[in-house]
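**Student:** Just passing along the structure, written as structure tokens.
The values are calculated or read from the model by the stated rules, or taken from the named source; none is laboratory data. All figures in this text were calculated on a predicted structure; none of them were measured in a lab. A quick note on method: Cβ atoms are made from the backbone with ideal geometry, for glycine too, and the neighbour counts reach across all protein chains shown.
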Amino acid sequence: MIVYYSVPEEKSCQFDPRGLRAISSTDRMLSLSDRRPPVRPADIDSYGSQGWQEDLRDAFRDPYELCEHLGLPQEVADSAAAEEFQLLAPRPFVARMRHGDASDPLLLQVLPRRDERLDAQLPIDAVGDLPAQRADGLIHKYSGRALLMVSGHCAVNCRYCFRRHFPYGSLPQGDAAWLPALDQIRRDTSLREVILSGGDPLVIGDDRFCRLVSQLSAIPHLQSLRIHTRLPVVIPKRITEQLIQTLTDSRLQAVIVLHINHANEIDDSVADAVGRLRSTTAIVLNQSVLLRGINDSVPALVELSEQIIKVGALPYYLHQLDMVPGVTHFEADRAVGQKLIAELRKRLPGYAVPRFVVEEAGEPHKTLLA
Ligand SMILES: *Cc1c(COP(=O)(O)O)cnc(C)c1O
Ligand code: SF4
């Protein structure tokens, strides 16, 4: 058995010491007294000029502009909902929406609507993430694996997101932001896997991503590196040569978990991106959220699974919606989800049926519903 204890030295991929600073005791961990500031264009200015970064800069941020682009009346969007949680929809994703259809399953995932303001009394931290923080941005709930919030930004703002209220704005910036989490991961030898999440871990540039992966690869007790991302779907160009090289060079087993909720999200460019990911030794999986009016039907879920298999990924989880203010109109009954899964089992190969789960605060794993 070969055991690799250090990563090959690679100049372009070394942790950036210029960003290092002492982490003072006044640096706070995430807390819900912070509000997530809207993503302003200025935040995007620091992004480089690779094609995918331009797509991120050019994404729709104005709901009325998006409506106009799709030939829809302005009234289908709601500006107050957009103020609460900004619209962010990259053009490659918008290109897969149907013109003139206000019920398009992709549009409904991103368009701020009036329905969002009806349920403000729910708790904001639905799944107990904040008490499970072990270091800034490091959430350790389950045995052997911890989740690192790599970035506070996403490439798309999903209206149903349980982290839509998360105080990402309070996450420190730069490579130095990861130091306390990396220290904690080094200290905790029970960890086997680090899950890069966010925000979206792939919104950071290739050099920073490479530096993070090489830091993690050098931690001997880690075996795998999981990446939860929506970028291969919303901006397929994000899967660059350098990213593929980083994944290929790491000694860690990569597990990429895509996030696709509807078959219409998958086109040839997405198939290509997944193909590039599969050209590494990565395992590619998909997770979805059960969303009323978007994918809560047998045909929608069958087609979704079939398309996921077609691009060479496997359905992993179908999540029951995590309830936070602004999302309840997307909720489907658990019983509906259970029936849907029972129907999928009759129609699809076993490997094409996702596990229907819900996250319950304080439990040692996600709760299996079907
Ligand atoms: C969902 C989740 C995981 C991963 O759980 P798996 O069942 O292994 O996919 C890990 N950490 C946190 C905090 C999570 O929410
Ligand atoms: S990409 Fe993920 S974290 Fe970001 S808004 Fe969508 S569901 Fe939430």
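**Student:** Return yes or no: is Gly337 buried (at least 18 other Cβ atoms within 10 Å of the Cβ) and in contact with a helix residue (DSSP H, G or I) (Cβ under 8 Å, 6 or more places away or on another chain)?
**Tutor:** Criteria not met by Gly337.
**Student:** Is it true that some residue in the stretch 346-356 is surrounded by fewer than 18 Cβ atoms within 10 Å (Cβ to Cβ), basic (Lys, Arg), over 23 Å from Ile227 (Cβ atoms) and out of contact with any strand residue (DSSP E or B) (no Cβ under 7 Å at 6 or more places or on another chain)?
**Tutor:** For the stretch 346-356, residues surrounded by fewer than 18 Cβ atoms within 10 Å (Cβ to Cβ), basic (Lys, Arg), over 23 Å from Ile227 (Cβ atoms) and out of contact with any strand residue (DSSP E or B) (no Cβ under 7 Å at 6 or more places or on another chain): present.
**Student:** Taking the stretch 350-370, which residues are free of Cβ contacts under 8 Å to residues at least 60 places away in the same chain and either more than 17 Å from Gln287 (Cα to Cα) or within 16 Å of ligand 1 (Cβ to nearest atom) (or both)?
**Tutor:** Within the stretch 350-370, Arg355, Val357, Val358, Glu363, Lys366, Thr367, Leu368, Leu369, Ala370 meet the criteria.
**Student:** Does the stretch 201-226 hold any residues that are within 16 Å of ligand 1 (Cβ to nearest atom) and in contact (Cβ under 8 Å) with a residue 60 or more places away in the chain, and which are they?
**Tutor:** Arg226
**Student:** Another question about this same structure. Go through (1) over 17 Å from the mean Cα position of the chain (by Cα); (2) within 16 Å of ligand 1 (Cβ to nearest atom) one by one and return the number of the condition Val150 breaks.
**Tutor:** Condition (1) is where Val150 drops out.
**Student:** Filter the stretch 75-84 for residues that are free of Cβ contacts under 8 Å to residues at least 60 places away in the same chain and surrounded by fewer than 20 Cβ atoms within 10 Å (Cβ to Cβ) and give the result.
**Tutor:** Passing the criteria: Glu75, Val76, Asp78, Ser79, Ala80, Glu83.
**Student:** Yes or no: the stretch 275-289 includes at least one residue that is closer than 19 Å to Gly198 by Cβ, of a type in the set (Gly, Ala, Ser) and either within 16 Å of ligand 1 (Cβ to nearest atom) or over 15 Å from the mean Cα position of the chain (by Cα) (or both).
**Tutor:** yes
**Student:** Just to be sure before I move on: is Leu108 assigned to a helix (DSSP H, G or I) and in contact (Cβ under 8 Å) with a residue 60 or more places away in the chain in the structure I sent?
**Tutor:** yes
**Student:** Looking for something away from ligand 1 (no atom under 16 Å from the Cβ), touching a helix residue (DSSP H, G or I) at 6+ places or on another chain (Cβ under 9 Å) and within 20 Å of Ala300 (Cβ to Cβ) - is there at least one such residue anywhere in the stretch 115-131?
**Tutor:** yes
**Student:** Still on this structure, I have one more. Return yes or no: is Leu130 surrounded by fewer than 17 Cβ atoms within 10 Å (Cβ to Cβ) and within 16 Å of ligand 2 (Cβ to nearest atom)?
**Tutor:** When the stated conditions are applied, Leu130 passes them.
**Student:** With Leu72, Leu87 as the choices, which residue is in contact (Cβ under 8 Å) with a residue 40 or more places away in the chain and either within 16 Å of ligand 2 (Cβ to nearest atom) or part of a loop (DSSP other than H, G, I, E, B) (or both)?
**Tutor:** Residue meeting the stated conditions: Leu87.
**Student:** Please go through the stretch 313-340 and pick out each residue that is in contact with a Leu (Cβ under 9 Å, 6 or more places away or on another chain) and free of Cβ contacts under 8 Å to residues at least 40 places away in the same chain.
**Tutor:** Leu314, Pro315, Leu318, Glu331, Arg334, Gln338
**Student:** Are any residues in the stretch 227-240 within 25 Å of Ala176 (Cβ to Cβ) and more than 16 Å from ligand 1 (Cβ to nearest atom), and if so, which ones?
**Tutor:** Passing the criteria: Leu231, Arg238, Thr240.
**Student:** In the stretch 158-198, which residues are within 10 Å of the chain's Cα centre (by Cα) and either away from ligand 1 (no atom under 14 Å from the Cβ) or modelled with pLDDT of 90 or more (or both)?
**Tutor:** The answer is Cys158, Cys161, Leu196, Ser197.
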